[in-house]
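Here is the structure we will look at, set down as structure tokens.
Throughout, read-outs are computed from the coordinates displayed, never taken from laboratory work. This one's a predicted model, so the numbers in the text were calculated from it and none came from an experiment. Cβ placement follows ideal geometry from the backbone for every residue including glycine, while neighbour counts extend to all protein chains displayed.
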Amino acid sequence: DKAAAALAGSKNFAHLTYLNLSDNNIGDRGAAALAASAAFPRLLELDLTLNPRLTDAGKAALRARFGDRVRL
């Protein structure tokens with residue numbers, strides 16, 4: 001979650017169109033940081049599959065922010 005929050009707070013990733021964070025043990029805190037971030041304006045796909053710590057609440061936050069661009 002700390003690493004996901006660090007990514008979300010970075011300004012160095014504005015050019016990314018695809019981000020694979022699958023199988024990284026990300027939970028709801030990391031999901032909340034990603035969902036609240038403005039760091040990924042060009043992101044077309046965010047892959048968060050295989051993160052079993054994500055609850056329905058974390059998934060909902062990600063879907064609210066990224067819509068069908070997030071894979072869970």
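Given the alternatives (1) 11.6; (2) 12.9; (3) 15.1, Kirkwood radius over Cα pairs in Å as computed for this entry is given by (1). Rounded to the nearest 20 debye, the dipole size of region 14-72 about its Cα centre is 140 debye, using +1 on the Cβ of Lys and Arg and -1 on the Cβ of Asp and Glu. Local charge for Val70 was computed over the other residues whose Cβ lies under 11 Å away, with Lys and Arg +1 and Asp and Glu -1, and equals +2.
Label-to-label distance, Ala14 versus Ala36, with points set 7 angstrom from Cα along the beta-carbon direction: 2.1 nm.
Stretching the chain fully between Asn25 and Arg71 yields a gain of 15.1 nm (0.36 nm per residue, less the alpha carbon separation). For Asn25, neighbours were defined as the other residues whose beta-carbon sits under 10 Å from its Cβ, and their charges (Lys and Arg +1, Asp and Glu -1) total -1. So how tilted is helix 56-66 from the main axis of the chain? Cα-based, degrees 0 to 90, rounded to 10. With both axes taken from Cα atoms, the answer is about 20 degrees.
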